[in-house]
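This report concerns only the one structure given below.
What follows is calculated from the coordinates using simple rules that are stated; it is not laboratory data. A quick note: this is a predicted structure, and the numbers were derived from the prediction, not measured. Neighbour counts run over all protein chains shown; Cβ positions are idealised from the backbone, glycine included.
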Amino acid sequence: MEGIPLPEPLVGEQRDTSATVTGLHPGINYTCVAVTFTPWQISPPQNITYSTSEIVPTGSPEAFEAVVGQRQVVFTWSPPPVTQRNGVITSYTLSCSPSPSSLPQSPSSQSGSLTATGFSPNTLHSCSLTATNSQGSGPPSIRIFITLEDFVFN
């Protein structure tokens, strides 16, 4: 996965029958190539694949913004940094207070935007966004504050 540093190569000792790879990131599929050397031959390469378990994201969505339109607000964002996703982001959750009357369900991980309606005019709304993978939701994004002016509704 782009942005994830690779672990250091391992070279075993003469009688080693196992090796431990350290520095792996959660929620990543790794493929290693193992080769055995003896004084008489070199074995064919063997691919070994391993998936690390996901953990809750440690990063929040970035570039979280809102554009106020007529009777709606369009929210946009970028995913958390790749090294802080800790797995595959499956959804995002928008939270606003006070909550608008029509808050959409969690958008998919691919969308990067959603439109919400039902915000009260002349009311300060505070909104944030969280990213979720199979293990749970990560920390909230920066909180943004929006107000729909009364003239938007006329």
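One decimal place: the segment ARG71-SER102 gains 10.1 nm when fully extended, by the rule 0.36 nm per residue minus the C-alpha distance. Apply 1/(1 + (r/R0)^6) to the Cβ-Cβ distance of THR117 and GLU149, taking R0 = 25 Å, and write down the FRET efficiency to the nearest 0.05. Between THR117 and GLU149 the formula returns 0.95.
Once a ≥ b ≥ c are taken as the square roots of the eigenvalues of the Cα gyration tensor of the stretch 62-153, is the result rounded (a/c under 1.5), prolate (a/b larger than b/c) or oblate (a/b not larger than b/c)? Taking the square roots of the gyration eigenvalues as a ≥ b ≥ c, the stretch 62-153 is prolate.
Give the order of SER141, SER60, SER111 when sorted by the count of other beta carbons within 10 angstrom, beginning with the fewest.
By the 10 Å Cβ count, ascending: SER111, SER60, SER141.
Sorted fewest first by neighbouring Cβ atoms within 10 angstrom, CYS32, CYS96 come out as CYS32, CYS96.
How charged is the neighbourhood of THR76? Take every other residue with its Cβ under 15 Å from the Cβ of THR76, and add Lys/Arg as +1 and Asp/Glu as -1. Once all neighbours under 15 Å are counted, the net charge is -2.
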